[in-house]
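First the structure, in the form of structure tokens, and then the observations on it.
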Amino acid sequence: MEIHFEDWVAGVFDHPVTKPEWHWGPEATNWSRPNEEALEFTARLFDQPAEILRRFSDAQLNQGFWFLLGSNGDVMRGLDNEDIAWELRLRCIRSFSSVFETLFATRCSSHLSHLRRTNVPDDPGLSSLNEVCYMWWDFDCWCARPEVVAHRKIDAAFLEVMEQTLGLPHDACRESALHGLGHWHREYPAETTTIIDAFLEQSGPIREELRDYAQQARQGCVL
């Protein structure tokens with residue numbers, strides 16, 4: 001069955017926000033195949049996310065991204081498929097930068113999500129989209145695997161996106177990058193430390209809570 005791009009976007013995001021989420025049902029398999037077409041659609045979406053996703057609420061976007069990135073969805077596992085051209089897989093990874101720069105940096109609030117784990121009360125101004133922004137690098141589909149030679153180029157592309165995201169003037173985006181770098185510290189200690197040190201040295205004033213989190217990430221101590 002041929003799927004058009006607009007139908008695929010609607011299939012991922014155009015749903016009421018429910019518990020349990022829609023994608024735990026059988027319908028999810030229509031939109032979650034980790035093939036070349038799905039990666040092409042994802043890269044196309046991520047290249048211009050603000051415009052394409054404008055009609056959806058923050059909560060709908062959060063729900064859809066959780067599906068797309070791993071919650072009962074398999075699309076991103078196509079990034080490991082050596083039968084899919086590297087050029088497409090690299091384009092898809094690099095398009096993550098546009099999601100952070102043009103979508104999350106404009107629609108996420110400036111709250112730091114890691115503080116919510118330490119009993120800081122929720123703020124009514126907190127965007128639903130902050131959740132997936134913070135957890136972006138926590139999904140199993142892009143764990144660091146330097147022991148696999150063919151995977152090192154994928155890891156390098158991910159680290160490049162984290163570094164770029166860390167340079168954005170938005171605390172939620174920078175927190176997300178630090179979260180990812182902290183998780184990757186064990187596999188790539190030199191690379192992650194260099195990226196975080198450059199951030200701390202060059203970024204000008206940084207709020208105390210974010211600087212503390214950067215120091216934790218530098219040691220690989222993030223949740």
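Bear in mind that the values in this text are calculations on the coordinates, not laboratory data. As the structure is a prediction and not an experimental result, all values here were calculated from the model. Here the Cβ positions follow ideal geometry from the backbone for every residue, glycine too, while neighbour counts run over all protein chains shown.
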Short to long, in 10 Å steps from zero, the percent of alpha-carbon pairs of region 5-218 per bin is 8, 35, 37, 18, 2
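Indicate the helices, whole DSSP H runs only, in the chain that combine a mean Kyte-Doolittle hydropathy of 1.0 or more with a Cα extent along their long axis of 27 angstrom or more. Each step should come with its number before you reach the end.
Numbers: long enough: none.
The qualifying helices: there are none.
Taking N as the number of residues in region 138-185, what value does Rg over Cα atoms divided by 2.2 N^0.38 Å take? Before the final figure, lay out the partial values.
On the way: Rg = 11.2 Å, N = 48, 2.2 N^0.38 = 9.6 Å.
Taking N as the residue count of region 138-185, the ratio is 1.16.
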Show me, bin by bin at 10 Å from 0, the whole-percent P(r) of region 122-223 based on Cα pairs. 15, 51, 27, 6, 0
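Using per-residue counts of other Cβ atoms within 10 Å, averaged over each peptide, order 173-183, 19-29 from highest down. Mind dumping the intermediate values first?
Working: 173-183: 25.2, 19-29: 12.7.
Listed from highest to lowest mean packing, they are 173-183, 19-29.
Taking the Cα centre of region 1-158 as origin, sum charge times position over the Cβ atoms of Lys and Arg (+1) and Asp and Glu (-1), and report the length of that vector in debye to the nearest 20. Could you put the intermediate results ahead of the total?
Numbers: 15 positive and 25 negative charges, 96 e Å.
Result for region 1-158 is approximately 460 debye, rounded to the nearest 20.
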